[in-house]
Amino acid sequence: MTIRAGITGSRGFIGAALARHLVCHPAFAVIDSPYDAYRRDAFAAGCDVIVHLAGVSRGDDGEALYRTNVEIVRELIATLERVDFRGRVLLGSTAHIGRDTPYHASKREGARLLAEWAKSSGGSFAALLMPNAFGPGSKPFFNSVVSTFCAQLRAGGTPEIFADAELELIDIQQLCAAIAGIILAGADGRGEIAIAPVATLRVSELKKKLETFRDRPGIPLSGRFETALYQTYDSYPEIVKR
């Protein structure tokens, strides 16, 4: 049976990649998400599963970011209730969900609201706790430190390290494959599903790896992770304006 999958935020980095991945998968039919509110009901009614990725991840006004993300979830729930949706909703969230920022708080509140909807509607819900995703098409200074460093190096610049934090990383293709697998596995009662990173390293280690691509062109790549890093590095033009 074909699974009809809808993706909110399907024009964003992860959403667009997930749509491309599912379109090529024989088990899925992708339902295009609407720009306008008038088509939201038809969109939801045509889905078996909705991956909710729409929202704001960055902004100078933390309160506005929080309100926007929570309101988007409330609008989705209102749509689900109007069409009596009883399928599955997966909320794109973060592996660092416990952090004390407006963004992380908005993800926690969105998950709480969707869990309440699932309990009262007969539908199912889970939050996807995703590592930091990178790959070609990710936006420098926005989506990932990987894309930022790659763009800076390709432009002849030198990336700066403001905090040598530990990074949990996953390339976009493996993230999409993981989400597809979660959908195919079906609901199992978990409210949160953690997606494992493919690599964990510090910002300084990432910078050193990426500098190797610049300083030693043609060096053999070791494994899928380094290949994905190189493909990301190579995807940016020689001059990138911030």
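The values are calculated or read from the model by the stated rules, or taken from the named source; none is laboratory data. In this text the structure is predicted, and so the values were computed from the model without any measurement. Positions of Cβ are generated from backbone atoms using ideal geometry, with glycine treated the same way; all protein chains shown enter the neighbour counts. Please note that ligands, DNA and RNA were not included when accessible areas were found on the heavy atoms of the full protein model with its side chains. Shrake-Rupley method; radii C 1.70, N 1.55, O 1.52, S 1.80 Å.
Some notes on this structure:
- Between amide H atoms placed 1.01 Å from N, distances below 5 Å from Ala155 occur with Val240, all of them 5 or more places distant or on a separate chain.
- Alpha-carbon centroids, region 192-228 and region 89-139: separation in whole Å: 26 Å
- Restriction of the chymotrypsin sites (Phe, Trp or Tyr not before Pro) in region 124-155 to DSSP coil positions whose beta-carbon has at most 14 other beta-carbons within 10 angstrom yields Phe141, Phe142.
- Farthest toward the positive end of the dipole of the chain, out of Gly59, Ile14, Leu90, is the Cα of Ile14, where the dipole comes from beta carbon charges about the Cα centre.
- Å² per residue, accessible surface of the chain at 1.4 Å: 51 Å²
- The order of Ser124, Ser57, Ser144 by accessible area, most exposed first and with a 1.4 Å probe, is Ser57, Ser124, Ser144.
- Over region 1-119, all Cα pairs binned in 10 Å intervals from 0 give whole-percent P(r) values of 13, 45, 34, 8, 0, listed from short to long.
- As a length-normalised measure over Cα pairs under 8 Å and 6 or more apart, the relative contact order of the chain settles at 18 percent.
- In a simple Cβ point-charge model (Lys, Arg +1; Asp, Glu -1; nothing else charged), the chain has a dipole of about 260 debye relative to its Cα centre.
- Hydrodynamic radius by Kirkwood, which averages 1/r over all alpha carbon pairs of region 45-176, in angstrom: 16.4 Å
- Accessible carbon and sulfur surface of the chain relative to its total accessible area, %, 1.4 Å: 51 percent
- Residues whose amide H falls under 5 Å from that of Asp48, counting only those 5 or more places apart or on a different chain, are Arg4, Ala5, Gly6, with hydrogens built in the peptide plane.
- Ranked from largest to smallest solvent-accessible area, with a 1.4 Å probe on the protein heavy atoms, Glu211, Glu166 come out as Glu166, Glu211.
- Evaluating kT/(6 pi eta Rh) at 10 °C and 1.306 mPa s, with the Kirkwood radius of region 103-230 over Cα pairs in the Stokes-Einstein relation, gives 95 µm² s⁻¹.
- Cut-off under 5 Å, modelled amide H: who pairs with Ser144 long-range: Lys139
- Principal axis dimensions, the chain - Cα atoms, whole angstrom, descending: 57, 42, 32
- For region 9-19, backbone phi angles converted through the Karplus equation (6.51, -1.76, 1.60; θ = phi - 60°) give residue-by-residue couplings of x, 6, 9, x, 4, 6, x, 5, 5, 5, 4 Hz, Gly and Pro being listed as x.
- Between 0 and 90°, nearest 10: helix 102-121 axis offset from the chain longest Cα axis: 30 degrees
- In Å², nearest 10: area of Val30 left accessible to a 1.4 Å probe: 50 Å²
- Ranking Gly218, Thr158, Ile182 by how far each Cα lies toward the positive end of the dipole of the chain (charges on Cβ) leaves Gly218 at the top.
- Size of electric dipole in region 98-242: Cβ of Lys, Arg +1 and of Asp, Glu -1, about Cα centre, debye, nearest 20: 220 debye
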